[in-house]
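Visitor: I have a structure here, written as structure tokens, and I will follow up with some questions on it.
The values are calculated or read from the model by the stated rules, or taken from the named source; none is laboratory data. Predicted model only: the values in this text are computed from it and were never measured. Here the Cβ positions follow ideal geometry from the backbone for every residue, glycine too, while neighbour counts run over all protein chains shown.
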């Protein structure tokens, strides 16, 4: 499929700002909430498995909703989907902060995930609407740098809010973020889809589009990369608060600072991505990043097997992994959508859905294997780091494009 980028009157800075806020929905919805998770579990009298459901339900709903939001945005445009999604996210954030029990919290977090799907899916589609493939990877890395800044702020802010006012305050902060994002979109965002597809929601068209996307080798290669990289990240997000706070004795504030360090390293990775793509192209950049991913997972596993149970033995290897993650995600997300300018919403949705399938499976596995030790986190991260390296060194070189 071919197509020309869509002209827009929005400035480049405006586009990057909106991409940062929309992509930033993902880390702020998870990272800001993580320091509150142990206290929330205690206050609501819930089990660790139920606590994991607040994350896995969110991400399953996030992944599934994109399969709907993608074709809807191809049919009606990005702007109405963004407005509806952000309004729903705002309402779900307020409701989750007021939830009287764990069952209600899981429900509202799932609705939050559905709404989040609209924002993140549209962000990836907007990049394809406006830019050719290699420039799209560069612009995506800028948006993900903004995501990195938001991620840097999220965990420390969540830790501080939880320490001062409890978990309700941490969840209300998400409502404030949503209100600001919704206001900016309503005020400044211009439609980026040049030509709406009136057949996008027809069953036959939708099935044919999904089939074509899933059979495209470039989509498979870059989706495998982004899926595995996100699987490793989610392993860390879902298990780290319990490991740091309950196993290693960190306070909620200490944990927030540890997450800040990881987010800052991820931010450095997104900066490195822009330089590497210009100098070496996408495929070689991904191959280099694969070394960092494998080094992170392998060194964490070796330290754990040697009996080293300490904060630095988790944080240092995770730093290598996060640096690679900052390169894999811009290249993976933009590369998966690049072949489909006329169906960017559907391709973005499928890419996002596959990442969330990996996250959901990881969350379910962790929910049954968390045993009060560091090993479930270590095993999960090592598993995903090996798959990242295999994707970066086999599928992407064979089927990816520079």
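Visitor: For the list (1) at pLDDT 95 or above; (2) within 17 Å of the chain's Cα centre (by Cα), I need the number of the one condition that residue 260 fails.
Guide: In the conditions (1) at pLDDT 95 or above; (2) within 17 Å of the chain's Cα centre (by Cα), residue 260 misses (1) alone.
Visitor: Scan 222, 234, 242 and give me the residue that is surrounded by 22 or more Cβ atoms within 10 Å (Cβ to Cβ) and farther than 30 Å from residue 165 by Cβ.
Guide: 222
Visitor: Here is a follow-up. Restricting attention to the range 73-88, which residues are farther than 11 Å from residue 185 by Cβ and at pLDDT 95 or above?
Guide: 88 - this is the single residue of the range 73-88 that is farther than 11 Å from residue 185 by Cβ and at pLDDT 95 or above.
Visitor: State whether one or more residues within the range 194-207 are buried (at least 23 other Cβ atoms within 10 Å of the Cβ) and either touching a residue at least 60 places away in the same chain (Cβ under 8 Å) or in a helix (DSSP H, G or I) (or both).
Guide: no
Residue-wise test of (1) surrounded by fewer than 17 Cβ atoms within 10 Å (Cβ to Cβ); (2) out of contact with any strand residue (DSSP E or B) (no Cβ under 7 Å at 6 or more places or on another chain); (3) at pLDDT 75 or above.
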residue: 4; (1), (2), (3): yes, yes, no
residue: 8; (1), (2), (3): no, yes, no
residue: 17; (1), (2), (3): no, yes, yes
residue: 24; (1), (2), (3): no, yes, yes
residue: 46; (1), (2), (3): no, yes, no
residue: 54; (1), (2), (3): no, yes, yes
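Visitor: Another one. So is residue 293 farther than 30 Å from residue 209 by Cβ, over 22 Å from the mean Cα position of the chain (by Cα) and part of a helix (DSSP H, G or I) or not?
Guide: no
Visitor: List the number of the failed condition for residue 364; all other conditions in (1) buried (at least 21 other Cβ atoms within 10 Å of the Cβ); (2) farther than 20 Å from residue 296 by Cα hold.
Guide: (1)
Visitor: Looking at this structure, is residue 343 more than 15 Å from residue 235 (Cβ to Cβ), touching a helix residue (DSSP H, G or I) at 6+ places or on another chain (Cβ under 6 Å) and modelled with pLDDT under 85?
Guide: Yes; evaluated as a whole, the condition is true for this residue.
Visitor: Okay, moving on. Which residue pairs have Cβ atoms under 6 Å apart, sit 6 or more places apart or on different chains, and have a first residue in the range 314-335 that is without any contact (Cβ under 8 Å) to a residue 60 or more places away in the chain and a second that is not in a helix (DSSP H, G or I)?
Guide: From the range 314-335, no pairs qualify.
Visitor: Run down 109, 78, 124 and say which single residue is more than 17 Å from residue 26 (Cα to Cα), buried (at least 20 other Cβ atoms within 10 Å of the Cβ) and touching a helix residue (DSSP H, G or I) at 6+ places or on another chain (Cβ under 8 Å).
Guide: 78
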